[in-house]
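Presented below is the structure to which this report refers.
The values are calculated or read from the model by the stated rules, or taken from the named source; none is laboratory data. Bear in mind that the values here come from a model prediction, so they are computed numbers and not experimental data. Note: ideal-geometry Cβ built from the backbone for every residue, glycine included; neighbour counts use all protein chains shown. Calculation scope for accessible area: heavy atoms of the full protein, side chains included, ligands and nucleic acids excluded. Shrake-Rupley method; radii C 1.70, N 1.55, O 1.52, S 1.80 Å.
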Amino acid sequence: MGIVELIVLSLGLGMDAFAVSICKGLSLKKMSWKKALIIGLYFGGFQAIMPVIGYFLSKGFENFVTSIDHWIAFILLSIIGGKMIKDAISPEDSENCNDNVEFKTMIVLAIATSIDALAVGVTFAFLNVNLILAITLIGTITFVLSVIGTKVGNVFGDRFESKAELFGGAILIFLGIKILLEHLNIIKFY
């Protein structure tokens, strides 16, 4: 697998993190580059680590990992998206935007957006891939996309406030459904 293919693969893998970082940016009351960098580090870091884990798991667990990865992503993204929608609708929570980037919040999002990278790592074991180059590109591109997504989401969120969080939650649920439907070969999104 050449560098062009790895860049395209990295962009594809980073798109879920980009969409989720837009959602995080939507809930930031004020743009914070520190929070954007933290979001980028979580998403980029997990996108880089998961292929390595998948690569080493592939020796004995390929069928198991690929059989449940889509369900894990679907469940996690749906729960997070549902909570965002509930928070946007609930009047008592309307002033409490979910802008935290603490470990327990970010770890769930990072795992949910990097499940596909785990499956890609499984396939790397069967291809001629420079693993170091691959994970460097995947992590770096996802990091950049996530920081940009946080800023884009924040600009949108400033204009539409609570509706933005509602929209962000709907995006997360849609991503979970999309991942599930694609892996079940029900529909292909291009």
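Which residues, counting only those in segment 32-49, are under 21 Å from residue 131 (Cβ atoms) and either free of Cβ contacts under 8 Å to residues at least 12 places away in the same chain or open to solvent by less than 80 Å² (accessible area, probe 1.4 Å) (or both)? Correct list: 43, 44, 45, 46, 47, 48.
Yes/no per residue for (1) closer than 28 Å to residue 181 by Cα; (2) in a loop (DSSP other than H, G, I, E, B); (3) within 17 Å of the chain's Cα centre (by Cα); (4) at pLDDT below 85:
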position	(1), (2), (3), (4)
30	no, yes, no, yes
48	yes, no, yes, no
57	yes, no, no, yes
67	yes, no, no, yes
87	yes, no, no, yes
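For first residues located in segment 88-116 and within 15 Å of residue 21 (Cβ to Cβ) and small (Gly, Ala, Ser), partners that are open to solvent by 40 Å² or more (accessible area, probe 1.4 Å) and modelled with pLDDT of 60 or more and lie 6+ apart or on another chain with Cβ distances below 7 Å form the pairs 110/42; 110/46; 112/76; 114/46.
The set of residues from segment 150-176 being within 16 Å of the chain's Cα centre (by Cα), closer than 20 Å to residue 87 by Cβ and at pLDDT 80 or above comprises 150, 153, 170, 173, 174. When segment 5-25 is filtered for residues that are in contact with a Gly (Cβ under 9 Å, 6 or more places away or on another chain) and farther than 11 Å from residue 151 by Cα, the ones remaining, listed by number, are 10, 14, 17, 19, 20. Can you confirm whether residue 25 is modelled with pLDDT of 80 or more, assigned to a helix (DSSP H, G or I) and either more than 25 Å from residue 133 (Cβ to Cβ) or touching a Cys at 6+ places or on another chain (Cβ under 8 Å) (or both)? So residue 25 fits the description; yes.
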